[in-house]
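The values are calculated or read from the model by the stated rules, or taken from the named source; none is laboratory data. In this text, all values refer to a predicted model and were calculated from it rather than measured experimentally. No Cβ is skipped: glycine too gets one built from the backbone with ideal geometry, and neighbour counts run over all protein chains shown. Accessible surface is based on the protein model in full, side chains and every heavy atom, while ligands, DNA and RNA are left aside. Shrake-Rupley method; radii C 1.70, N 1.55, O 1.52, S 1.80 Å.
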Amino acid sequence: MRHAMWRLISIHYGERVMVHRAVLGLIAFVMLSGCNTQQSAFHPGGPHADRVETLSWVMFIGGGLIFLLVIVLTAIAMFVAPERRQWMTNRRFIIWLGIVFPVVTLTALLVYGFTVARHLVTPGSPALRIEVVGEMWWWRVHYLDAQGTPRLVSANEIRIPTGRPIEFVLKTEDVIHSFWVPSLAGKLDMIPGRTNVYRFAADRPGIYRGQCAEYCGDQHALMAFYVVAMESNDFEAWYAAQIQPAAEPVVTQLIQGKELFLQNGCGACHVVRGTPANGALGPDLTHVGSRLSIAAGTYPTNVGTLAGWISSSQHLKPGNLMPSFGNLQGEELRAIAAYLESLK
Ligand code: CUA
């Protein structure tokens, strides 16, 4: 029988080696995912995520116990002598365990699930409203004022004050994306022609990683972002600095970088407030140097990654809308990258 089972598995996976690898891979995945606290539903950073975590555990443990019960009953049905498992054919046993139990369990789970979901979308008076627009493959971020007009534009990073629920207005420019910060809340889709709203709060300052959770094309896997939760005062200071136009460069290399940035037409797609660059197609770069990552969570922000991105964006993230500027010389690349990195 064991041999037959292996044969069966081999048909699915090719070779036994593959199965061993798959098992080892799975163990490694489970162990490694235990280390990640930045992007894990099992490390909730706020009250909304707490509820999602509880729901997850109820489902894992409940589902596990029910699975175990089914296995035990199957084993009894297969290996116990017929006269000793007469009780299994009892009509009452079948009605209670086969019909009543699943109906009651699934109904209870449905009601519980709806209660948790409702808590995530119930409107109220949020401390802050942030509109996030999914694009292929990055995130446009608008901090809205009381009237719902964008006050501050950013990209691929969302800063929020701690201890207060933040309302997220989720939209998309192109295809369906899904907004997901596992440590702070469940996921919610961004659907063309629709506006979805949900909210979450972060209890303590920290950096939480988010990821697009709906396949949206070639670079779906490289569509991540960071939520940075800050104490209220720090957030206010950050906001006041971000609302300012870009700093005017004073060092020769940075002045040169700014000139090259404008000469090469970067401003056709990017905004740098305070300069003639006013293209709205790509991410706003006014304070790009202050963000943790570029290319939607793909690389840390520094002169090297910025230069690499400008010259080879089509190698680093094929299919994205930005062409590779392979024509730029090393010196020029360094100047532009240094200028962008200086935009704190
Ligand atoms: Cu956007 Cu997947």
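Each 10 Å bin from zero up to the one holding the largest Cα-Cα distance in the chain carries the following percent of pairs: 5, 19, 25, 21, 14, 9, 5, 2, 1, 0. Computed from backbone phi with θ = phi - 60° and the Karplus coefficients 6.51, -1.76 and 1.60, the 3J(HN,Hα) list for the stretch 290-296 is 8, 8, 6, 9, 10, 6, 6 Hz; x is used for glycine and proline. What is the distance in Å between the Cα centroid of the stretch 138-180 and that of the stretch 233-269? The two parts, judged by their Cα centres, are 22 Å apart. If you plug the beta carbon distance of Ala268 and Gln314 into 1/(1 + (r/R0)^6) with R0 = 22 Å, you get a FRET efficiency near 0.80. Subtracting the Cα-Cα distance of Ala280 and Trp96 from 0.36 nm times their residue separation leaves 60.1 nm of extension gain. Summed over the residues of the chain and divided among them, the accessible surface reaches 55 Å² per residue at a probe radius of 1.4 Å.
Only lysines eight or more places from Lys171 in sequence, or on another chain, were considered; those with a Cα closer than 28 Å are Lys187, Lys317, Lys344. Computed from backbone phi, the HN-Hα couplings of the stretch 101-116 come to 4, x, 5, 5, 4, 5, 5, 4, 5, 4, 4, 4, x, 5, 4, 5 Hz, rounded to whole numbers (Karplus: 6.51 cos²θ - 1.76 cosθ + 1.60, θ = phi - 60°; Gly and Pro given as x).
For Met88 and His43, what is the calculated FRET efficiency with R₀ set at 51 Å and r taken between the beta-carbons, to the nearest 0.05?
Values: r = 43 Å, r/R0 = 0.84.
E between Met88 and His43, to the nearest 0.05, is 0.75.
Only the Cβ atoms of Lys and Arg (+1) and of Asp and Glu (-1) were treated as charged; on that basis the dipole of the chain about its Cα centre amounts to roughly 1500 debye. Based on alpha carbons, the Rg and Dmax found for the stretch 266-308 are 10.5, 28 Å. Can you return the aspartates and glutamates within cross-link range of Lys258? Criterion is Cα-Cα under 14 Å, with same-chain partners fewer than 8 residues away left out. Straight-distance partners of Lys258: Glu248, Glu331, Glu332, Glu341.
Heavy-atom accessible surface of Thr122, to the nearest 10 Å², is about 60 Å², with a 1.4 Å probe and all protein chains retained. Nonpolar atom fraction for the stretch 53-168, defined as the carbon and sulfur part of the 1.4 Å probe accessible area, stands at 70 percent. If you sort the three axes of the alpha carbon gyration tensor as a ≥ b ≥ c, you get a/c under 1.5 for the stretch 109-221, which makes it rounded. Over the chain, dividing the summed -39,500 (n - 2.57) contributions of all DSSP H runs of at least 4 residues by the number of residues returns a 222 nm mean residue ellipticity of -13500 deg cm²/dmol. Between helix 330-342 and the chain, what is the angle of the helix's C-alpha long axis to the longest principal axis, kept within 0 to 90° and rounded to the nearest 10? Tilt relative to the chain: about 80 degrees.
Relative contact order of the chain: 14 percent, from C-alpha pairs under 8 Å at least 6 residues apart in sequence. Mind pulling the angle between the C-alpha long axis of helix 47-79 and the longest principal axis of the chain? Nearest 10 degrees, somewhere in 0 to 90. Here the helix axis deviates by roughly 30 degrees. Leaving out ligands, DNA and RNA, what percent of the accessible area of the stretch 205-342 is carbon and sulfur, probe 1.4 Å? Ligands and nucleic acids excluded, carbon and sulfur give 58 percent. The Rg/Rh ratio for the stretch 86-146, using Cα coordinates for both the radius of gyration and the Kirkwood hydrodynamic radius, is 1.41. How high is the FRET efficiency from Asp145 to Ala221, r the C-beta distance, R0 41 Å, rounded to 0.05? In this case the efficiency is close to 0.75.
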